[in-house]
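To keep things clear, I will list the structure first and then write my remarks on it.
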Amino acid sequence: MDIPLLTIAELRRAYDQRELSPVEVIRALLDRVAAHDARLNSFIRITEDIALAEAREAERLLLAGERRGPMQGIPYGLKDIVETAGIPTTGHSKLRQDHVPAADAEIVRRLKAGGGVLLGKLATWEFALGGPSWDLPWPPARNPWDRDRLPGGSSSGPGAAVAAGFMPAAIGTDTGGSIRGPAAFCGICGLKPTYGRVSRRGVFPNTFTMDHIGPMTRSAEDIALMLQAIAGFDPADPGSEDCPVPDYRAALDGGVNGLRLGLVEGWHDGEGAHPDLAPAIAAAVAVLQGLGAVVEPVKLSSLRDYTDCKTTISSVELYSIHEPDLRARPQDFGRILRNRVLPGALIRGEDYLAALRWRGALANEQKRAFARFDALLTAGARTIADRADPSAPDRHGVTVSITMPFSISGVPALAIPCGFSRAEGMPLSLQIAGRPFEEATVLRIAHAYQLATDWHRQHPTLGPTLD
Amino acid sequence: MSDDLSRLPPASADDIRALVKRAGLDLPEELLQQFVAVWPQYEAMVRRIPRGRGYDEEPAHTFRPARW
């Protein structure tokens with residue numbers, strides 16, 4: 001049994017059958033992290049003592065027959081913008097290098113109550129936006145499939161750590177694609193839930209109206225299990241929605257027979273897209289059709305439109321968050337974050353409102369599409385992971401994004417592996433988006449696909465152990 | 001009056017410096033120069049936003065007192 005590569009579902013079965021204990025699992029994962037993370041930089045802080053204490057407690061409760069939920073005894077990591085009481089939460093930034101929160105984020109409270117085991121705080125682009133950066137207190141994370149490449153961002157540490165087998169699950173955050181991008185580049189699964197489905201309280205904000213918190217794992221089934229533990233209304237989050245949380249695991253098994261899926265035209269191919277992507281998406285569509293889904297093309301606005309709209313809104317909201325630090329200590333920002341935040345100072349109020357009104361129109365076109373389709377399909381990323389190049393120009397807002405359309409509409413969107421590029425051997429990804437609060441449908445489609453394929457069961461080779 | 005802002009001339013370096021100052025920011029020269037190089041791509045982006053919407057097309061996330 002290769003403990004580091006077991007999924008949440010497999011660990012739960014092993015715990016139930018007393019083939020493994022949470023303490024045994026944590027020790028195996030800590031050994032793997034110690035052996036390999038110096039070359040991947042996925043951790044900012046390993047919480048070894050906390051992990052072992054939480055694992056012992058989980059073990060005690062499991063042996064006593066006390067069940068706390070799907071994450072009981074399951075190791076996980078947190079992107080380091082998620083606040084943890086008594087544990088530094090840095091935002092991967094000099095600006096908060098010594099920040100120790102007094103309280104846990106709401107999702108941390110839920111994961112703790114459910115018996116989860118915190119393995120550590122993970123790398124991020126600076127405050128979930130500025131990256132990849134080489135001028136921060138910690139180096140940028142690397143991609144386990146090729147350490148000369150990046151894992152994408154901004155949930156760079158979670159993407160790298162889950163793909164590397166350091167943990168079966170991590171919490172990421174996604175404003176314009178920061179869960180789905182790293183999931184796509186690292187060959188794992190990442191869900192941006194519906195806006196309001198998972199509490200944002202205690203997570204450092206990026207763009208108030210588009211911030212989402214979600215799970216990153218190695219299977220759709222595991223996404224369902226972790227989502228179950230963190231989803232639900234939080235009256236202290238102004239964006240939280242009070243609507244029922246279904247049994248996501250139970251909903252996985254419906255299959256896709258008869259579902260109507262819209263393949264968005266022109267997003268995953270053409271200029272700038274990796275040449276192997278369109279064939280990989282076509283093959284994924286063929287699998288779903290073979291399982292009984294009806295797939296038809298659908299036309300939506302261009303990625304240029306969605307990217308412009310999202311980036312304008314984000315720039316202004318970002319500035320309102322970072323303005324005090326920008327006035328007081330601009331030199332303490334990483335260069336990339338500073339230059340992505342500053343434009344918000346110059347964008348006029350009428351431009352921001354024009355973008356918000358445009359956002360309504362763009363969301364409405366998706367609403368019309370979801371009247372015809374149960375889900376929409378596109379790629380999780382248009383390229384493979386970038387090379388780690390400190391001199392590369394910042395293309396934020398210039399390069400179009402294939403994840404931002406569903407940030408604009410706030411609907412659930414899941415990236416899952418669907419192949420590899422032929423020349424580079426790097427992961428390719430399928431993105432499935434659903435109607436608001438229909439995460440269960442998105443996960444059901446992904447689970448059916450993963451029962452028929454094994455892309456999600458491919459793992460990178462980490463190379464020799466470090467001494 | 002046209003809704004197309006893309007016809008406007010790009011801001012000069014002096015314009016950008018003045019806008020930064022008007023925003024109340026006092027950046028060291030090196031950081032200001034970096035930003036002067038970055039702003040044109042954002043200016044072009046903002047000017048691509050379509051305008052001239054009807055009054056019924058209100059902003060996303062309008063205030064909803066029923067949510068209180």
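Of note:
- Applying 1/(1 + (r/R0)^6) with R0 = 35 Å to the Cβ-Cβ distance of A:Asp332 and A:Gln458 gives a FRET efficiency near 0.30.
- Shielding by partners - mean other protein chain Cβ count within 10 Å, residues of A:397-403: 1
- Buried area at the B-A interface (accessible, heavy atoms, 1.4 Å probe, summed, Å²): 2900 Å²
- Counts of other chain beta carbons within 10 angstrom of each beta carbon in peptide A:340-347 average 6.
- Computed from label points 7 Å out along Cα-Cβ, the spacing between A:Glu66 and A:Ile50 is 2.1 nm.
- For a modelled paramagnetic label at A:Ala361, 7 Å from Cα along Cα-to-Cβ, the residues of segment B:39-57 in reach, with backbone nitrogen under 13 Å, are B:48-57.
- Most positive-pole-ward Cα, A:Pro168, A:Ser421, A:Leu318, against dipole of the protein assembly as shown from beta carbon charges: A:Leu318
- Averaged over the residues of A:297-310, the number of partner chain Cβ atoms lying within 10 Å of the residue Cβ comes to 1.
- Taking every C-alpha pair closer than 8 Å and separated by at least 6 residues, the mean separation divided by the residue count of segment A:409-449 gives a relative contact order of 42 percent.
- Once both labels are positioned 7 Å from their Cα atoms along Cα-to-Cβ, the gap between A:Gln17 and A:Ala392 label points is 4.2 nm.
- Here the extension length gained between B:Arg64 and B:Arg7 equals 16.8 nm, from 0.36 nm per residue of separation less the Cα-Cα distance.
- Net +/- balance of residues flanking A:Arg368 in space, Cβ distance below 13 Å, scoring K and R +1, D and E -1: +3
- Looking at chain A, the accessible area is 34 square angstrom per residue; that uses a 1.4 Å probe and ignores ligands, DNA and RNA.
- Placing pseudo-labels 7 Å out from each Cα toward the beta carbon at A:Asp135 and A:Ala236 gives an inter-label distance of 3.7 nm.
- Per atom type, segment A:3-457 shows carbon and sulfur on 50% of its accessible surface, probed at 1.4 Å.
- Residue separation of A:Asp148 and A:Asp98 scaled by 0.36 nm, minus their Cα-Cα distance, works out to 15.0 nm of gained length.
- In the protein assembly as shown, the alpha-carbon atoms span a convex hull of 152 Å³ per residue.
- Listing of segment B:12-42 residues, each with accessible area lower by at least 40 Å² in the full protein assembly than in the chain alone (probe 1.4 Å): B:Ala23, B:Leu25, B:Leu27, B:Leu31, B:Gln34, B:Phe35, B:Trp39, B:Gln41, B:Tyr42
- Solvent accessible area, Å² - A:Arg56, 1.4 Å probe, full protein context: 130 Å²
- Fluctuation leader among B:Pro28, B:Pro50, B:Pro40 - chain B, Gaussian network, Cα springs under 10 angstrom: B:Pro28
- Simple point charges give the picture: +1 on the Cβ of Lys and Arg, -1 on the Cβ of Asp and Glu, and for chain A a dipole about the Cα centre of about 380 debye.
- Amide H contacts under 5 Å for A:Arg149: A:Asn143, A:Ala388, restricted to partners 5 or more places along the chain or on a different chain, H placed in the peptide plane at 1.01 Å from N.
- Contact-buried residues of segment A:350-385, at a threshold of 10 Å² lost accessible area versus the chain by itself: A:Asp351, A:Leu353, A:Ala354, A:Leu356, A:Arg357, A:Trp358, A:Arg359, A:Gly360, A:Ala361 (1.4 Å probe; DNA, RNA and ligands ignored).
- Restricted to Cα atoms, segment A:1-51 shows a radius of gyration and a Dmax of 12.1, 35 angstrom.
- Taking all protein chains together, B:Arg51, A:Arg27, A:Arg149 sort by accessible area into A:Arg27, B:Arg51, A:Arg149, largest first [probe 1.4 Å].
- At least 20 Å² of accessible area lost relative to the chain alone, listed for segment B:51-66 with a 1.4 Å probe: B:Arg51, B:Arg53, B:Glu57, B:Pro59, B:Ala60, B:His61
- Table column - 3J(HN,Hα) (Hz), segment A:61-72, Karplus curve with 6.51, -1.76, 1.60, x for Gly and Pro: 5, 5, 5, 7, x, 9, 9, 10, x, x, 9, 5
- Scaling against 2.2 N^0.38 Å puts the C-alpha radius of gyration of chain B at 1.57.
- Dipole of the protein assembly as shown, positive end: most advanced residue of A:Thr84, A:Gly463, A:Gln450 [Cβ charges, Cα centre]: A:Gln450
The values are calculated or read from the model by the stated rules, or taken from the named source; none is laboratory data. Treat the numbers as computed from the prediction; the structure is a model and nothing was measured. Using ideal geometry, Cβ is built from the backbone for each residue, glycine included, and neighbour counts are taken over all protein chains shown. Calculation scope for accessible area: heavy atoms of the full protein, side chains included, ligands and nucleic acids excluded. Shrake-Rupley method; radii C 1.70, N 1.55, O 1.52, S 1.80 Å.
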